[in-house]
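One structure is given here, and the rest of the page talks about it.
Just so it is clear, none of the values below were taken in a lab; they were calculated from the coordinates. Since this is a predicted model, take the numbers as computed values, not measurements. All Cβ positions, glycine included, derive from the backbone under ideal geometry; neighbour counts span all protein chains shown.
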Amino acid sequence: MREYEVLQRQAKLGMAILTQLMGSFNFLTILFINTSQFHLSMASLEETIKWNKHIAATIDPVQFYMDHYKGLTRGQVRLRDQSLYETLRIRGLLDNVPLANSRFGDDPIAYYQKHYPGLTRGQLVTKNPSLYRRLRLDKLLEHIPKKAPG
């Protein structure tokens, strides 16, 4: 490759990096102007910041979740910032965002034993399909009898 072509490629790469940095700089500038101009509280400022390509270029999505949405469940994150939710889902990082507490509590086996003692899997799927599904997804069906004792 000739020296001219090398310099041309380096210039294009430099411009791409500069464009990316300027986009991030412009985003931050607008953010700071809005903050000082409207005297936004930190809570309302955090509500306005959403996951976007400029943030994605510099911040890890899990870190962004921790900084802006910590404590929210997956469903709540999906409603407030769908782009962040999709990024976490696609990258396989949703395990870092808690699920909503279910009506079965933290221990679906204890819930089964309290409300449906002795029911077989077939009976349980008829009586309470949601509990059956939760036990199946949590790989806990081994604790539920396949057949009635006897």
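What length, rounded to one decimal in nm, is gained on full extension from residue 113 through to residue 76, with 0.36 nm per residue of separation minus their alpha-carbon distance?
Extra length from residue 113 to residue 76 when fully extended: 10.3 nm.
Let a ≥ b ≥ c be the square roots of the eigenvalues of the Cα gyration tensor of the range 49-100; is it rounded (a/c under 1.5), or, if not, prolate (a/b larger than b/c) or oblate? Prolate shape, in that a/c is at least 1.5 and a/b is the bigger ratio. Taking 0.36 nm per residue of separation and subtracting the Cα-Cα distance, full extension of the segment from residue 5 to residue 137 would add 41.9 nm. How would the range 82-150 be classified by its alpha-carbon gyration tensor: rounded, prolate or oblate, with rounded meaning a/c under 1.5 and the a/b versus b/c comparison settling the rest? Prolate shape, in that a/c is at least 1.5 and a/b is the bigger ratio.
Taking label positions 7 Å along the Cα-Cβ direction at both residue 126 and residue 91, the computed distance is 4.8 nm, reported to one decimal.
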